[in-house]
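Undergrad: Mind having a look at this structure? Questions to follow.
No value in this document is a laboratory result; all are computed from the given coordinates. All values derive from a computational prediction rather than experimental measurement. Using ideal geometry, Cβ is built from the backbone for each residue, glycine included, and neighbour counts are taken over all protein chains shown.
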Amino acid sequence: MSQLAEPAVASPSEALVSATASAAAASFAALLGKLDYLGPTDIEQIRQAYRLADEAHLGQLRKNGDPYITHPIAVAAQCAEWKLDAQALMAALMHDVIEDCGITKLDLAERFGVTVADLVDGLTKLEKLEFDTREQNQAESFRKMLLAMAKDVRVILIKLADRTHNMRTMSDMPRSKWQRISNETLEIYAPIAHRLGLNFTYRELQDLCFRFLHPWRYEVLSKALNKSRTRRKDLIARVQGEVETAFARQGMQVRIMGREKTLYSVYRKMDSKHLSFSQVTDIYGFRIIVPELTDCYTGLGVLHQLYKPVPGKFRDYVAIPKLNGYQSLHTTLIGPVGTNIEFQLRTHAMDVVAESGVAAHWLYKASEPGSDTSQRLGTQWLQSLLDIQQETHDAAEFWDHVKIDLFPDAVYVFTPKSKILSLPRGATVIDFAYAIHSGVGNSAVGAIVNGEQRPLRTELNNGDVVEIVTSDKAEPNPAWLSFVKTGRARSKLRHHLKTVAHEKALELGERMLTQALRSEGIAALPAQDGEDKATWEKLLRFSGNRTREELLSDIGMGKRIASMVGKKLAVLLAEAGHKPDALLISRERYASGQDETVSQGVVSLDGSEGASVQYAPCCRPIPGDRIVGYLGRGEGLVVHVEDCPTGKRLLARDSERFLPVEWADEPVRAFDATLVVTVTNGKGVLARVASAIAQAESDITHVDMGDEPAQTATDIRFTVSVRDRQHLAAVLRSLKRTTSVVRAQRYKPPTKT
């Protein structure tokens, strides 16, 4: 049951009086008058659903004393306004029976079919389950509802009707609940209504939330708007008359309707732009309904000949519809007495879609069975919910992704082949790449925007033509999470990073456990099945892991010590009849130079290890350095230079977490090293230093000049990319030969006392 529709069981006498007073509202006849678009069979099924709901809610009252059944009837009536089908209306009438009345989903499926039962179940919250916090409960309930909605959009249409009626009757609720429920509606349900194109519902929910969040401001603005409406009545009548005359001269049959900004949109404009009510000039507008699509543009010409347009205030949502399928021409004109007036031109079909959004599918279903245009409204976003769900198993994280995608504003950008993509305002090149395909996003290395090279974090503008540059060897950068704007890009990125980190940790853990086992005289890990299956089960009970993969991943991430697990596994294998190889023990321990307690073998590093191996930023080891490996808790393997002060402190504190590491013969990538270059100040010094580094075939990845004012001699810290110690020496030689360079050396972290 929705948070507002809480039943309260009254005394028999109170219930009788209240039920008698509200009998008319609770009767099926109140709904029947709206069902003239349905056939007799459908109406009979809806009548059966009403009877079940009426019996289930018998004795329950709303906060205002009305029989509870008045709420489901009101929800069904709103769905009937959208011309939803019989199944949706049946679900609307019974949307609270599972939650409050002890009726099961199976009961509904047997009586009304699986589809109706699924719709009702999708609307049922998860209050019967145990959650740590109210927020966790709410997030999981939203996740359930949104996933049901992605499979069948009628779920959210019924929920929006439910929430709208609850907001209309909010004054009967305790004031202590007004703020929480209104905020939830404003942040979640109103944006969903907008995303799905239900503009009338969107505007009504906003105004209702405004009324209960800021009652005093609502009353003041409402009175001001009424006074303004009275003062400008003559002006509005004059404009309407002039517009009707202008269209009549052209022989165009149009329908002209006045429209007014909602109180909430007036308040938001005043608040965001710091305006007084008298300074908000575009409160009034007109909607002009024309017969054909081309008449929209003809009508635009008629209006622009009648009144002067305001520069920059024309929007063509006919050629490029909004994300939710909305289509109209918008233009703002300077009226007779200098007042700005907005006009919207659209066809009747566009008007239905503009007000009803995805619900327009059912409005057109009977008359246009072959048309699927309106059916596609919002389907891209609904499909993206399923995509995000597949990669996000945490309810709160899933809901964060969904909220990101509820931004109503959008930018429209083009692929090189002129395909239009709609993205939230502020979206970047990376969002664009993931919108095309997750593979394009994962392998992106750069972009060409409007013919120019641009970085991946570039924000896109309307009309940009974007081409993504990819590389087979590229991988996503965790830093992208700080600037991506779409839920799809964020979820795809997080999923890839988690998957890669797990795979790399699994690979490293397997290598480390194999080497630890070799030090115990066992040449290789035992097989997962067959005679060694029982050995793995015993080892998992010892370690507390559920699977072999989880254990190996924990070893790779430093959550388990490979030598300890290796010793236990060797004992279990010995009990199972595996004899250790004494020659292998001697060879491994001689080669590693380790004593018996910590022997694990040597891990070879070539730079391809990924997220499971980190090269410590304090000392930045490069090939040729003497190095040690520290198995951090949950961090994987962290590599330090042997004489790094941080590494030495860790060795003194956690010696059992260190293991021997060495560089591979041929590292596969370059590594970062930090240089401190002391220069004398002068014109072009930085350019000369950068040129010297480039001549040594090294790239600069970061420059730090500090915050202190420039002195006669200044230290500049460069992070450069080098292959090994020999390459670093060549870079330093190139720097020392450069004019204005006093000293150049590799940075060494200070020793803390």
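Undergrad: Per Stokes-Einstein, at 4 °C and 1.567 mPa s, what whole-number D in µm² s⁻¹ belongs to the range 661-703, with the Kirkwood radius over Cα pairs as the hydrodynamic radius?
TA: 101 µm²/s
Undergrad: Additional query: Cα-Cα over 24 Å: which of K159/K273; K223/K269; K504/K559; K567/K648?
TA: As for pairs spanning more than 24 Å Cα to Cα, those are K159/K273; K567/K648.
Undergrad: Next question. Which order do M173, M94, M350, M564 fall in if you start with the one that has the fewest other Cβ atoms within 10 Å?
TA: M564, M173, M350, M94
Undergrad: Just want the ordering: K648, K159, from fewest to most Cβ atoms lying within 10 Å of their own Cβ.
TA: The most exposed by this proxy come first: K648, K159.
Undergrad: Would you compute the Debye intensity of the range 671-746 from its alpha-carbon atoms alone, equal scatterers and no solvent, and pass along log10 I(q)/I(0) at q = 0.11, 0.15, 0.24, 0.26 Å⁻¹ to two decimals?
TA: Scattering profile of the range 671-746, log10 relative to I(0): -0.23, -0.44, -1.11, -1.30.
Undergrad: Quick one: V97, V120, fewest Cβ neighbours within 10 Å first, how do they rank?
TA: So the ranking, lowest neighbour count to highest, is V97, V120.
Undergrad: Only sites in a loop by DSSP and with at most 14 other Cβ atoms within 10 Å count here; which GluC sites (Glu not before Pro) in the range 221-315 make the cut?
TA: Those satisfying the criteria are E292.
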